[in-house]
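The values are calculated or read from the model by the stated rules, or taken from the named source; none is laboratory data. Computed from a predicted model, the values in this text were never measured in an experiment. When we count neighbours, we look across all protein chains shown, and the Cβ atoms used for this are built from the backbone with ideal geometry, even at glycine. Ligands, DNA and RNA are stripped out before the accessible areas are found, and what is left, the full protein with its side chains, is counted by its heavy atoms. Shrake-Rupley method; radii C 1.70, N 1.55, O 1.52, S 1.80 Å.
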Amino acid sequence: MQDLKLRFFGLLIEYHLQEKDAFELAQDYHSIYQTKCVLEDESAEPTGWRHNLKSCVTFLLMAKHSPGQSDMLHRLVLDDKLDRLDADLAPWKHMLTQFTTTEIVRYPLEDQEPLNGQLKMVGTEALWEHWQTMGHTRTTQHNLRVAAKYYKRIHTARLGNLLGLSTDEVEEHLSTLVGGGDLFAKIDRPAGIVSFQKPVTSEETLSDWASDVASLLTLVERTCHLINKENMIHKI
């Protein structure tokens, strides 16, 4: 039964490579990695868990950001096998940690060499340029999402400097993320400023104000209660 499972996912890998579907490839390799006979194989060969875990991480980093991709990243970074004191696995644990942390990641990555080595092994030579472009693109998109969490407004030139990109490249990547609904941003080209702050409607402002007033009244009521309690205790 395990042989049939491995054969099935092997065929899916061939199909998804043709489709250039990185997330599906990551899931295929993860399914192989979780197979009992693979988990028992400690070798670095394609039949062992090391090769399949590395391949899973490789394509997961190339995949478009989504709830499923993010969830898988956070699950893999907690995998017990990556916590081993093993120099061979350390770069993969480090890459997963980088992409699950709200910090800017420099490109090329610190562990670009082992990542490239794995890509050459499983990504096919014909798609080498495609995966290289995807690696840079996904890193840049991660960095833009990080910047959007820390900044409300930032000069485009400063953002480009932080990410190691030109102004035109920043605008291009921002446009892709905004067009895909993954990020909110507005670019004021004459002023050279990017705004990540969503406009607030009058209804939202009123709701926030009402919530603040309700919190204040609750605090006043609680304070009065505590004052009355103290008065009763001390019989004032």
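Using helices alone, I'd like the mean residue ellipticity at 222 nm for the chain: each DSSP H run of four-plus residues gives -39500 (n - 2.57), total over residue count, nearest 500.
Details: 11 runs with 156 residues, N = 236.
Only helices count here, giving -21500 deg cm²/dmol.
For the chain, the share of accessible area belonging to carbon and sulfur comes to 55 percent (1.4 Å probe, ligands and nucleic acids excluded).
I'd like the GluC sites (Glu not before Pro) in the stretch 1-62 restricted to DSSP loop residues with at most 11 other Cβ atoms within 10 Å, sorted by number.
On the way: sites: 14, 19, 24, 40, 42; in loops: 40, 42.
Qualifying residues, ordered by number: 40, 42.
For the stretch 88-236, what class follows from the C-alpha gyration tensor (a ≥ b ≥ c being the square roots of its eigenvalues): rounded when a/c is under 1.5, otherwise prolate if a/b is larger than b/c, else oblate? In terms of gyration-tensor shape, prolate. Eigenvalues of the alpha-carbon gyration tensor of the stretch 28-173, scaled by 5 and square-rooted, set the equivalent ellipsoid semi-axes at 30, 16, 13 angstrom, largest first.
Is the C-alpha gyration tensor of the stretch 26-72 telling us rounded, prolate or oblate? Criteria: a/c under 1.5 is rounded; beyond that, a/b larger than b/c is prolate, otherwise oblate. Please report the intermediate quantities before stating the final value.
Values: a/c = 3.63, a/b = 2.16, b/c = 1.68.
It comes out prolate by the Cα gyration axes.
For the pair the stretch 1-71 and the stretch 207-230, the centres of their Cα atoms are 55 angstrom apart.
Over the stretch 41-128, with the other protein chains present, what is the accessible area per residue in square angstrom, probe 1.4 angstrom? Walk me through the numbers on the way to the answer.
Working: 4380 Å² over 88 residues.
That works out to 50 Å² for each residue.
Let me check I've understood the local charge: for residue 182, count other residues with C-beta under 11 angstrom from its C-beta, Lys and Arg +1, Asp and Glu -1. What total comes out? The answer is +2.
Rolling a 1.4 angstrom probe over the protein heavy atoms, how many square angstrom per residue are accessible across the stretch 147-236? Before the final figure, lay out each step's value.
Numbers: 6910 Å² over 90 residues.
It amounts to 77 Å² per residue over the stretch 147-236.
With a cut-off of 12 Å between beta carbons, the residues surrounding residue 15 carry a summed charge of -4, where Lys and Arg count +1 and Asp and Glu -1.
Shape call for the stretch 1-107 from the C-alpha gyration tensor, a ≥ b ≥ c root eigenvalues: rounded (a/c under 1.5), prolate (a/b greater than b/c) or oblate? Oblate shape, in that a/c is at least 1.5 and b/c is the bigger or equal ratio. Ignoring lysines fewer than eight residues from residue 64 along the same chain, the ones with Cα atoms less than 28 angstrom from its Cα are 5, 20, 54, 81, 93, 120, 149, 152, 186, 198. Ligands, DNA and RNA aside, residue 106 has an accessible area near 140 Å² when probed at 1.4 Å. At the residue level, residue 234 shows approximately 120 square angstrom of accessible surface with a 1.4 angstrom probe and all protein chains present. For residue 66, the accessible area of its heavy atoms, probed at 1.4 Å with every protein chain present, is near 40 square angstrom.
Based on the Kirkwood radius over alpha-carbon pairs, what value in µm²/s does the Stokes-Einstein equation return for the translational diffusion coefficient of the stretch 152-225 at 25 °C and 0.890 mPa s? All intermediate terms of the calculation are to be shown ahead of the outcome.
Details: Rh = 15.1 Å.
Result for D is 162 µm²/s.
Using C-alpha positions alone, give me the convex hull volume of the stretch 176-219 per residue in cubic angstrom.
Working: hull volume 5.1 nm³, N = 44.
Dividing the Cα hull volume of the stretch 176-219 by its residue count gives 116 Å³.
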